[in-house]
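Report on the following structure.
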Amino acid sequence: MKQPIQGFRPKMLLLMLSFFSVQLLYAQAGPNLGTTARTMNQAIQAMEEGKFETANGLFRQIVQSNVPIPPEMPFFFAKTLYELGQYSNSENFLQKYLDLNGFSGEHYQQAKALQEKLKIPLSQIKECSLCDRLGYRLHTCETCLGERVIEQDCGLCKLTGIVGCSRCAGKGVVTKKNVFNIVEYYDCERCETTGRLTCPRCEGTKVEHGDCNTCKGTGQITSSNLCDHTKNDGLTYSQSIRTSFRIIGH
């Protein structure tokens, strides 16, 4: 299995892609910086040599560089991501390329062809129950072992097993004004004057069963492996790059 390449964190991706469009528009209005152009040429050369993992790293360097991005770069990045099996990410950048360049894009026809090629793998991801919406394999949660819920300290009674009676506010007596507006006191029947009740959440055991915080109650977590949509858990994956791209506004 190939070693995973260090990818972007989801929060970092959101920030980078939020100004991604701004950079592209600026690039159309102004000259490309020499460093960016050289890096992009290196990435394209890597693509031509079939070194798509190298190209992926170079394109990500450009996105992170905070300099104007060449307007054609999203197409090449989308093509690279397609070759790496990151179909959802490829679709996002391809759509960004079409939105920004339209019919005037130098690689418009190739972009439309790639869009057609993406339909099948994207459909497979959508229909697969073994992977997430980005096409990455789902594994059984190691915290709850797929049970979705887990035993944990009761958060309602704070490990006491009891809670205050809400009817009498923990006093053991309730008050009521009679017709003469005089306050009368009665024993609280709900708690039998103790002011306390057995915790309704843990039933006095001090332990509650709640949704697992690791998997958010789903019983599964997303791995770094691209899914091949088969149930062979012993499968050796040929690609394991985890990069979650999300484009603001899509």
inquiry  = If I filter region 60-70 for residues that are in a loop (DSSP other than H, G, I, E, B), of a type outside the set (Phe, Trp, Tyr) and closer than 19 Å to LEU94 by Cβ, do I get at least one hit?
reply    = yes
request  = With the condition kept exactly as written, say whether any residue in region 42-62 is modelled with pLDDT under 50 and open to solvent by 10 Å² or more (accessible area, probe 1.4 Å).
outcome  = no
request  = For region 214-228, name all the residues that are part of a strand (DSSP E or B) and open to solvent by 70 Å² or more (accessible area, probe 1.4 Å).
outcome  = GLN220
request  = Scan TYR97, TYR87 and give me the residue that is at pLDDT 90 or above and open to solvent by 10 Å² or more (accessible area, probe 1.4 Å).
outcome  = TYR87
request  = Tell me which residues, restricted to region 172-191, are at pLDDT 90 or above, open to solvent by 60 Å² or more (accessible area, probe 1.4 Å) and either part of a loop (DSSP other than H, G, I, E, B) or closer than 30 Å to GLY217 by Cα (or both).
outcome  = GLU189, ARG190
ask   = Do the conditions hold for SER90, that is, is it out of contact with any Ser or Thr (no Cβ under 7 Å at 6 or more places or on another chain), part of a helix (DSSP H, G or I) and of a type in the set (Gly, Ala, Ser)?
value = yes
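Okay, residues lined up against (1) farther than 30 Å from PHE93 by Cβ; (2) at pLDDT 85 or above; (3) open to solvent by 80 Å² or more (accessible area, probe 1.4 Å):
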{"residue": "GLY135", "(1), (2), (3)": "no, yes, no"}
{"residue": "GLU142", "(1), (2), (3)": "yes, yes, yes"}
{"residue": "GLY170", "(1), (2), (3)": "yes, yes, no"}
{"residue": "GLY195", "(1), (2), (3)": "yes, yes, no"}
{"residue": "LYS206", "(1), (2), (3)": "yes, yes, yes"}
{"residue": "CYS212", "(1), (2), (3)": "yes, no, no"}
{"residue": "GLN239", "(1), (2), (3)": "no, no, no"}
{"residue": "ARG242", "(1), (2), (3)": "no, no, no"}
{"residue": "HIS250", "(1), (2), (3)": "no, no, yes"}
task = Sort through ILE150, ILE120, ILE125 and tell me the only one that's over 18 Å from the mean Cα position of the chain (by Cα), part of a helix (DSSP H, G or I) and among the β-branched types (Val, Ile, Thr).
result = ILE120
task = Of all residues in region 153-163, count the ones that are surrounded by 14 or more Cβ atoms within 10 Å (Cβ to Cβ) and either part of a strand (DSSP E or B) or in contact with a Pro (Cβ under 6 Å, 6 or more places away or on another chain) (or both).
result = 2
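The values are calculated or read from the model by the stated rules, or taken from the named source; none is laboratory data. Just so it is clear, the model here is predicted, and its values are computed rather than measured. We place every Cβ from the backbone using ideal geometry, glycine too, and count neighbours over all the protein chains shown. Each accessible area value is taken on the protein alone, full model and side chains, heavy atoms only, with ligands, DNA and RNA left out. Shrake-Rupley method; radii C 1.70, N 1.55, O 1.52, S 1.80 Å.
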